[in-house]
Amino acid sequence: MSVNTTPMPPERLLELDDVHVHFSMREGLVRAVNGVSYHVDRGKVLGIVGESGSGKSVTARAIMRLLSKNAIEAGGRIRFRPEPGKEVEISSLPRDGRQVRELRGGHIGMIFQEPMTALSPVHSIGTQIMRTVMLHRRVGKEAARARAIELLEKVQLPKPTEMIERYPHQLSGGMRQRAMIALALSCDPALLIADEPTTALDVTTEAQILELLKSLQAEMGMAIVFITHNFGVVADIADRVAVMYLGRIAETGSVDDIFYKPKHPYTRALLQSIPRLGQAPVRRLKTIPGMVPDPFNAPAGCAFHPRCAYAVPGRCDTLVPEVSLFPGDQSARCHLAGKLPEEVL
Amino acid sequence: MLGYLTKRALWAIPTLVFVSFISFVIIQLPPGDYITAYAAQLRHGGEYLTEAQEAAMRQQYGLNDPILVQYWRWISNILLRGDFGHSLEWNAPVSSLIWERLGLTLAISTLSMVFTWIIAIPVGVYAATRQYSLFDYLFTIFGFLGKGIPDFLLALILMWLGFTWLNMDVGGLLSPRYESAPWTFDKVLNLLSHLWIPVVVLATGGAAGLIRVMRANMLDEMGKPYVETAYAQGLSERQVVWGYPVRVALNPFISTVGWALPALFSGDVITAVVLNLPTTGPLLLQALKMQDMYLAGSFILILSVFTVVGTLVSDVLLAWSDPRIRYA
């Protein structure tokens, strides 16, 4: 697939084109991200769903240029529009250069999975937020402090003026994740990358954090890339969904299309494995047979074919499927997309 | 914080009483006493003490009293009058023997500790941030060599180099002509020209080990998510490394500052003997050999005070640097 060189449409905030990230390991080369393309529009929420090891987080780190040292950025293009009329090709910037550092924290905020360990244990919440504010906004200590208090209030932490003196170990998991969100949003980023922000939290806290993110999104208008393995969370927060499998986007589309008209057998199988309201009673939820393949020996052809109920021998196991487009900006990478038998979901 | 400090300070008292008593007893445990050792020394030189003379000396020094009485006499003099007793061997007050050497010991120790840290911390951080690079391997080799070569051997090599190549007079801390001279600029220069060997020797051994510790700590810390968060905030590599993981990786250093105090006071005896340094180490060794119990006991008491105070200092520093300890 050739890299698309046309300029981004005006509403576009982030566009990934055929991004590849490989890891060179002792056991061999892992193609963790193997040609991923997706896009996020200004102010929209993209949910990225996939099993562990599907490359969701690695893709997100490729956007932030936060990949570990043994990662090989093997191709593709990542473009970002920090402000209208300006376009930055993140993938061509030096990894730790000044421009990338300005984007990080300044235009793109990131929330991590583990609120327990993702905040510095030796700095107070306030210090950590203030440092980011002072770095990107070039303001003094007093202004940064005022901003930190305002942010902690925004994320609904109690007593923000006291909270800025607190250290992470003094807060509960949910409170830490709120502080993390305040940190990520400290400079009004246009894009927030949330890497499984609720996975480590209990269900009640998870719901609260999701509510918070939704209300902050409505208030501040940033776009969100929301990475999760939980379809329910995606349905709650996302406008569009991308389903990833083994380093590729299996299917992408609006939430409604993905949930009600999935075109990829993997999306279907995932949806059948979770209970739904109003579903015809079934004895057992379906499971996807087999395991996620060993990343060192990814299957030939369509990576999902060994576990696919519809796989056609001689085709799915030899040819990598092209992307098929459907109305409503839905696309699926499957030989049988659009030709699958109707099935009760 | 204040309550914590008070509690720790109060606990130090019974600890010190206990340690001082145990050390006093241990010094007396070997068969015989100072008089026996003294008589043996005299016999070695061709003279001898009669039974009656030995008994008279024991009487004079109170060596026949029960150990508790001797201990009480010693400790109460220290506490009430600051009198550490009389060194039997040197026939001089213990305090004059010790304090004289203490200053130089502390100077050498502090200097070598500062050098150790100045070398170990940046090198450890560098080796960790550039893991498996050429310099990482070089520092690793240096680390194992520094750890592997005994200090006294290094001291001998440096002395030989200094003597044959730089034509310096080595050993001791001052050239003979300055020893009783008043403190002048020349004397300080002379001191510095002698000081570098012990400082290099002590710092090499210490730094070699600490580099490895720092490198391992940093590698642990740099893999933690908060470091990635710091990068995601837009901080540069230097800001991230020195502002976040180093802060945490220094904890083991800070918690062992306290041990450095007594270790430097008593430790490196062999190096001090080889280099003929007028520090406390060789004096302690001699006192123990002669069962000069007031001198040895006072040494060990001061040592324990240093240990207890040092540990307290470490704890306070640690609480100051790490909020998880401060508010736990």
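The values are calculated or read from the model by the stated rules, or taken from the named source; none is laboratory data. These numbers were taken from a predicted model, which means no experiment stands behind them. FYI the Cβ positions are ideal-geometry reconstructions off the backbone, even for glycines, and counts take in every protein chain you see.
How many residues, within region A:157-171, are surrounded by fewer than 19 Cβ atoms within 10 Å (Cβ to Cβ) and within 12 Å of another protein chain (Cβ to nearest Cβ)?
Within region A:157-171, the first condition is being surrounded by fewer than 19 Cβ atoms within 10 Å (Cβ to Cβ), and the residues that meet it are A:158-159, A:161-162, A:165, A:169-170.
Next, from what is left, pick out any that are within 12 Å of another protein chain (Cβ to nearest Cβ): A:165, A:169-170.
Of the residues in that region, 3 qualify.
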- Message: Whether any residue in region B:216-235 is under 22 Å from the mean Cα position of the chain (by Cα) and either among the basic types (Lys, Arg) or surrounded by fewer than 16 Cβ atoms within 10 Å (Cβ to Cβ) (or both) is what I want to check.
- Response: no
- What number goes with the only condition from (1) closer than 30 Å to A:Asp96 by Cβ; (2) more than 14 Å from every other protein chain (Cβ to nearest Cβ); (3) in contact with an Asp or Glu (Cβ under 9 Å, 6 or more places away or on another chain) that B:Ser175 does not pass? (1)
- Query: Considering region B:311-328 alone, what residues qualify as being of a type in the set (A, V, I, L, M), within 13 Å of another protein chain (Cβ to nearest Cβ), free of Cβ contacts under 8 Å to residues at least 60 places away in the same chain and assigned to a helix (DSSP H, G or I)?
  - Reply: B:Ile325
- Of all residues in region B:113-138 being free of Cβ contacts under 8 Å to residues at least 40 places away in the same chain and not in a helix (DSSP H, G or I), the one that is surrounded by the fewest Cβ atoms within 10 Å (Cβ to Cβ): B:Tyr132
- Message: Taking the criterion of being among the basic types (Lys, Arg) and at pLDDT below 85, would at least one residue in region A:264-279 satisfy it?
- Response: yes
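I want to confirm something. Restricting to region B:200-238 and keeping residues that are among the small types (Gly, Ala, Ser) and more than 30 Å from A:Met134 (Cα to Cα), which single residue is farthest from the other protein chains (Cβ to nearest Cβ)? Please lay out each step first, then the result.
The first filter runs over region B:200-238 and keeps only residues among the small types (Gly, Ala, Ser), leaving B:203, B:205-209, B:216, B:223, B:230, B:232, B:234, B:236.
Right, trim to more than 30 Å from A:Met134 (Cα to Cα) and you get B:203, B:205-209, B:216.
Working: B:Ala203: 28, B:Gly205: 30, B:Gly206: 25, B:Ala207: 25, B:Ala208: 27, B:Gly209: 24, B:Ala216: 18 Å.
If we take residues in region B:200-238 being among the small types (Gly, Ala, Ser) and more than 30 Å from A:Met134 (Cα to Cα), then B:Gly205 is farthest from the other protein chains (Cβ to nearest Cβ).
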- Tally the residues that are within 30 Å of B:Met218 (Cβ to Cβ) and small (Gly, Ala, Ser), restricting the search to region B:132-184. 4
- Does B:Tyr34 fit the bill of being closer than 16 Å to B:Phe299 by Cβ and at pLDDT 80 or above? no
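Yes/no matrix, rows are residues, columns are (1) buried (at least 17 other Cβ atoms within 10 Å of the Cβ); (2) within 14 Å of another protein chain (Cβ to nearest Cβ):
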{"site": "A:Val155", "(1), (2)": "yes, no"}
{"site": "A:Gly173", "(1), (2)": "no, yes"}
{"site": "A:Thr204", "(1), (2)": "no, no"}
{"site": "A:Ser215", "(1), (2)": "no, no"}
{"site": "A:Ala238", "(1), (2)": "yes, no"}
- Message: List pairs: first residue in region B:58-85 and farther than 19 Å from B:Phe299 by Cβ, second residue outside any loop (DSSP other than H, G, I, E, B) anywhere in the structure, Cβ distance under 6 angstrom, at least six positions apart or on different chains.
- Response: B:Arg58/B:Ile35; B:Asn64/B:Arg58
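Does B:Ala296 satisfy being in contact with a Gly (Cβ under 9 Å, 6 or more places away or on another chain) and either among the small types (Gly, Ala, Ser) or at the interface with chain A (Cβ under 10 Å from one of its Cβ atoms) (or both)? Give the derivation first.
Details: in contact with a Gly (Cβ under 9 Å, 6 or more places away or on another chain): no; either among the small types (Gly, Ala, Ser) or at the interface with chain A (Cβ under 10 Å from one of its Cβ atoms) (or both): yes.
Considered against the rule, which asks whether it is in contact with a Gly (Cβ under 9 Å, 6 or more places away or on another chain) and either among the small types (Gly, Ala, Ser) or at the interface with chain A (Cβ under 10 Å from one of its Cβ atoms) (or both), B:Ala296 comes out as no.
If you go through region A:179-202 one residue at a time, how many are on the phi < 0 side of the Ramachandran plot, of a type in the set (D, E, K, R) and within 14 Å of chain B (Cβ to nearest Cβ)?
Taking region A:179-202 and keeping what is on the phi < 0 side of the Ramachandran plot, we get A:179-187, A:189-195, A:197-202.
Filter once more, keeping what is of a type in the set (D, E, K, R): A:195, A:202.
From what's left, within 14 Å of chain B (Cβ to nearest Cβ): A:195.
Adding up the residues that qualify gives 1.
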- Message: Just the residues that are of a type in the set (Asp, Glu), touching a residue at least 40 places away in the same chain (Cβ under 8 Å) and more than 8 Å from chain B (Cβ to nearest Cβ), please, taken from region A:82-139.
- Response: A:Glu83, A:Glu87
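What are the residues in region B:1-56 that are of a type in the set (D, E, K, R) and part of a helix (DSSP H, G or I), if any?
If the condition is that a residue be of a type in the set (D, E, K, R) and part of a helix (DSSP H, G or I), then B:Lys7, B:Arg8, B:Arg43, B:Glu51, B:Glu54 are the ones that fit.
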- Message: What's the total number of residues in region A:187-227 that are in contact with a strand residue (DSSP E or B) (Cβ under 6 Å, 6 or more places away or on another chain) and either hydroxyl-bearing (Ser, Thr, Tyr) or more than 26 Å from A:Leu135 (Cα to Cα) (or both)?
- Response: 2
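Looking at A:Leu285, A:Leu336, which one is touching a residue at least 12 places away in the same chain (Cβ under 8 Å), surrounded by 12 or more Cβ atoms within 10 Å (Cβ to Cβ), more than 27 Å from A:His22 (Cα to Cα) and not β-branched (Val, Ile, Thr)?
Values: A:Leu285 fails: surrounded by 12 or more Cβ atoms within 10 Å (Cβ to Cβ).
Among A:Leu285, A:Leu336, only A:Leu336 is touching a residue at least 12 places away in the same chain (Cβ under 8 Å), surrounded by 12 or more Cβ atoms within 10 Å (Cβ to Cβ), more than 27 Å from A:His22 (Cα to Cα) and not β-branched (Val, Ile, Thr).
Which of the residues spanning region B:166-181 are charged (D, E, K, R) and part of a loop (DSSP other than H, G, I, E, B)?
Pass one, region B:166-181, residues charged (D, E, K, R): B:169, B:177, B:179.
Scanning region B:166-181 gives B:Asp169, B:Glu179.
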- Task: Mind checking which strands (runs of 3 or more DSSP E) fall wholly inside region A:1-98 and carry at least 2 residues that are of a type in the set (Ser, Thr, Tyr)?
- Result: A:28-41
- Note on the structure: Note: among B:Val269, B:Val308, B:Val241, just one is under 30 Å from B:Pro30 (Cβ atoms), in contact with a Ser or Thr (Cβ under 7 Å, 6 or more places away or on another chain) and away from chain A (no Cβ under 11 Å), namely B:Val308
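Quick test for you: out of A:Arg176, A:Arg166, pick the one residue that is more than 28 Å from A:Pro295 (Cα to Cα), touching a residue at least 12 places away in the same chain (Cβ under 8 Å) and part of a loop (DSSP other than H, G, I, E, B). Full working, then the answer.
Numbers: A:Arg176 fails: part of a loop (DSSP other than H, G, I, E, B).
After applying the criteria, what remains is A:Arg166.
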- Query: What's the number of the condition A:Pro327 fails, among (1) exposed (fewer than 14 other Cβ atoms within 10 Å of the Cβ); (2) touching a strand residue (DSSP E or B) at 6+ places or on another chain (Cβ under 6 Å)?
  - Reply: (2)
- Please enumerate the residues belonging to region B:74-112 that are over 19 Å from the mean Cα position of the chain (by Cα), surrounded by fewer than 15 Cβ atoms within 10 Å (Cβ to Cβ) and in a helix (DSSP H, G or I). B:Ser76, B:Leu79, B:Leu80, B:Arg81, B:Ser96
